[in-house]
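Structure record follows, encoded as structure tokens.
The values are calculated or read from the model by the stated rules, or taken from the named source; none is laboratory data. Keep in mind the model is a prediction, meaning the values are calculated, not measured. For neighbour counting, all protein chains shown are included, and Cβ atoms are generated from backbone atoms with ideal geometry for every residue, glycine included. What goes into the accessible areas is simple: the full protein's heavy atoms, side chains included, and nothing from ligands, DNA or RNA. Shrake-Rupley method; radii C 1.70, N 1.55, O 1.52, S 1.80 Å.
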Amino acid sequence: ATYIQNGAPVTVASDVELSDVDNNGLASVVIALVSGCRGDTLDVDAVNPSLVATFTPEDATLVITAAADTSPTVAEFQALLRTVHYSSFANLPCTTARTFSIIANDGQHDSDQFMTVININNPWGNTTQLTCILGTPAAA
């Protein structure tokens with residue numbers, strides 16, 4: 001998938017499949033932006049009252065967990081996970097490809113890690129005009 005600067009959000013893993021041979025439910029799914037830049041964000045396109053999705057910008061992680069007093073199925077986690085999307089609110093996002101790690105947990109064990117990549121396209125070819133050194137803008 002490719003995200004275009006200032007474009008529509010791009011789905012991170014629309015075809016991912018979750019399964020657990022010994023449980024019908026999961027405790028959590030963690031989607032981590034392994035290589036990202038300032039302004040990157042993750043969100044979900046769907047709502048499921050049995051699940052809560054929380055994005056933490058400081059570590060660029062979206063965690064999907066069961067809502068209080070619910071027992072969502074693996075299929076419910078999978079359906080919401082397939083709607084997770086990436087976007088950037090930076091006017092000029094860095095063009096480094098974004099790598100995502102996805103790990104599910106059933107309350108006892110983590111799944112194997114699933115990795116996926118979204119490329120970044122800056123169709124205008126413009127770059128940032130300022131360099132930030134120790135928080136102080138300086139001419140490039």
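Length gained on full extension, Ala1 to Val63, computed as 0.36 nm times the residue gap minus the Cα-Cα distance: 20.2 nm.
Residues in segment 29-52 near a label at Ala79, defined as backbone nitrogen under 17 Å from the 7 Å Cα→Cβ point? Within reach of a label on Ala79: 29, 44-52.
A 1.4 Å probe run over the chain, with the rest of the protein chains in place, finds 58 Å² accessible per residue.
Share of carbon and sulfur in the accessible area of the chain stands at 52%, probe radius 1.4 Å. Over segment 1-99, Cα pairs under 8 Å with separation of 6+ residues give a relative contact order of 43 percent. Using a Förster distance of 30 Å, how high is the FRET efficiency between Arg38 and Glu17, based on the Cβ-Cβ distance and rounded to 0.05? Once rounded, the FRET efficiency stands at 0.40.
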